[in-house]
Amino acid sequence: MLDNLDFYSQIEELIPFDEQIFELYKIYQIQLQELASKSVIDIGCGNGKFAKLLMDTGIDTVGVDLSAKMAARAQRLGVNARCIDICDIKNEKYDAATAVFDVLNYIPDESLDRFFSCIANLLNKNSFFLADINTIHGFAEVADGDARFFDTSREIFISARYENSRLESEFILFEKDGDRYRRSTSKITQYYHDKNRLKKIAGFKLEKTLPIRLFSEKIDKELLLFKKI
């Protein structure tokens, strides 16, 4: 079974969500412009495309990711990215932090307080943290189900089930290797977070919630804007 942290780097190009993800990037970009943020740390920066978008608009942006492969991919775009746990970052301050496209949903409930505490340590006073979360509809009606994507040399099967506030996804990847196909698997868990729970996190105030429709006519995501207090 592949390491979950690096698995997405192998399948990213197979999953055709570029249009929806870019739409989400633009929503974040508008919010950061309204906040007049001059410096941003993008948590879970992935391939670096969002950080690069911010850089191109003049925002001083750095990216961090727990996957060394994804951090390296971001670096190839010219992003100041590194593989590091945000709780290990010292002596750095930013006007805003972002966690784009499900990052917060990968954090289990029991780890949320530590995660937010580490973000608070990275922010200037009265700065902001922006993150999107999946709604119940986004999990139960959009993500739940089976999917298959492929190109000329790879094929991936995804089986996702939402139950008890958790989305459990199983991945089977086939990659062509000469006359044969190499098979690898991975499992990923995502967690539904109720906004009332997030409102109770110490050190932050939930100031704004924006409904988002990326994959459905119904609200499947929400963008949350937290202010450090």
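Of (1) touching a residue at least 12 places away in the same chain (Cβ under 8 Å); (2) assigned to a strand (DSSP E or B), Arg148 satisfies all except one. Which? Unmet condition: (1). If you go through segment 214-229 and keep only what is more than 11 Å from Val142 (Cα to Cα) and either among the small types (Gly, Ala, Ser) or not in a strand (DSSP E or B) (or both), you end up with just Ile229. With respect to (1) more than 14 Å from the chain's Cα centre (by Cα); (2) under 21 Å from Ile119 (Cα atoms), the lone exception for Asp65 is condition (1). Within segment 95-111, if we keep just the residues that are without any contact (Cβ under 8 Å) to a residue 60 or more places away in the chain and surrounded by fewer than 19 Cβ atoms within 10 Å (Cβ to Cβ), the residue that is farthest from Leu66 (Cα to Cα) turns out to be Glu110. Taking segment 10-125 as the region of interest, none of the strands (runs of 3 or more DSSP E) fully inside it holds 3 or more residues being in the same structural domain as Arg148 (by TED's automatic domain parsing). Mind counting the residues in segment 82-94 that are over 30 Å from Arg213 (Cβ atoms) and either of a type in the set (Gly, Ala, Ser) or touching a residue at least 12 places away in the same chain (Cβ under 8 Å) (or both)? The qualifying residues number 8.
Conditions tested, residue by residue: (1) surrounded by fewer than 12 Cβ atoms within 10 Å (Cβ to Cβ); (2) closer than 19 Å to Phe115 by Cα; (3) not acidic (Asp, Glu).
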{"position": "Phe150", "(1), (2), (3)": "yes, no, yes"}
{"position": "Arg161", "(1), (2), (3)": "no, no, yes"}
{"position": "Ser169", "(1), (2), (3)": "no, no, yes"}
{"position": "Ile172", "(1), (2), (3)": "no, no, yes"}
{"position": "Arg180", "(1), (2), (3)": "yes, no, yes"}
{"position": "Thr185", "(1), (2), (3)": "no, no, yes"}
{"position": "Asn196", "(1), (2), (3)": "yes, yes, yes"}
{"position": "Thr209", "(1), (2), (3)": "no, no, yes"}
{"position": "Leu224", "(1), (2), (3)": "no, yes, yes"}
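Among the residues of this structure, Leu66 counts as one that is within 19 Å of Ala131 (Cβ to Cβ), touching a residue at least 40 places away in the same chain (Cβ under 8 Å) and either surrounded by 17 or more Cβ atoms within 10 Å (Cβ to Cβ) or not hydroxyl-bearing (Ser, Thr, Tyr) (or both).
For Asp85, are the conditions met, namely being surrounded by fewer than 17 Cβ atoms within 10 Å (Cβ to Cβ), modelled with pLDDT of 95 or more and under 22 Å from Lys227 (Cα atoms)? The answer is yes for Asp85.
Name the single residue, out of those in segment 116-133 being small (Gly, Ala, Ser) and touching a Phe, Trp or Tyr at 6+ places or on another chain (Cβ under 9 Å), that is surrounded by the most Cβ atoms within 10 Å (Cβ to Cβ). Filtering first and then ranking leaves Ala131.
The values are calculated or read from the model by the stated rules, or taken from the named source; none is laboratory data. Given the structure is predicted, the values throughout are model-derived calculations rather than measurements. All Cβ positions, glycine included, derive from the backbone under ideal geometry; neighbour counts span all protein chains shown.
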